[in-house]
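All remarks here apply to the structure that follows.
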Amino acid sequence: MTWDYWVILGFVAQGLFFMRFFIQWISSERKKESHIPIAFWYFSLAGGALLLVYAIKRQDPVFIIGQATGLIIYIRNLMLIAKSKKQYRFSSSPQQIN
């Protein structure tokens, strides 16, 4: 195996992708219940995007489809979280009386 920049990128990407599981595990242990923190989705997005780049470089259609599909799910989850936070801020702001 040749250690070129693509292999290093692949390992970095896999490391980021692994961190999502590690963060979720630590968060769940602290709460003593299954919990998915927002960082899970950011690490999923970062790791998945880099793995997609790596898969495209390697021209691996199975890997490309898997990572591309995952990215759609990660982005959608982050959109839902942002929407939920926006609604919470809006509903918890004090009402103005005229």
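Of the listed values (1) 1.04; (2) 1.44; (3) 0.99, grab the one calculated as Cα Rg over 2.2 N^0.38 Å from the structure here. Only one listed value fits the structure, namely (2). The amide H of His35, built 1.01 Å from its N in the peptide plane, has Ser28 as neighbours under 5 Å, considering only residues 5 or more places off or on other chains.
With the cut-off at 15 Å, report for segment 1-53 the share of all Cα pairs above it, as a whole percent. Counting every Cα pair in segment 1-53, those more than 15 Å apart make up 50 percent. The trypsin sites (Lys or Arg not before Pro) of segment 32-95 meeting both criteria, a DSSP state outside H, G, I, E and B (loop) and at most 15 other C-beta atoms within 10 angstrom of the site's C-beta, are Lys32. Between Leu78 and Asp60, the contour length at 0.36 nm per residue exceeds the alpha carbon distance by 3.8 nm.
Rounded to the nearest Hz, the phi-derived 3J(HN,Hα) couplings of segment 16-25 under the Karplus curve 6.51 cos²θ - 1.76 cosθ + 1.60 (θ = phi - 60°) are 4, 5, 5, 4, 4, 5, 4, 5, 5, 5, where x marks glycine and proline.
FYI, it's all coordinate maths here, none of it is from the lab. Please read these numbers as outputs of a predicted model, since none were measured by experiment. Note that each Cβ is placed from the backbone with ideal geometry, even for glycine, and that neighbours are counted across all protein chains shown.
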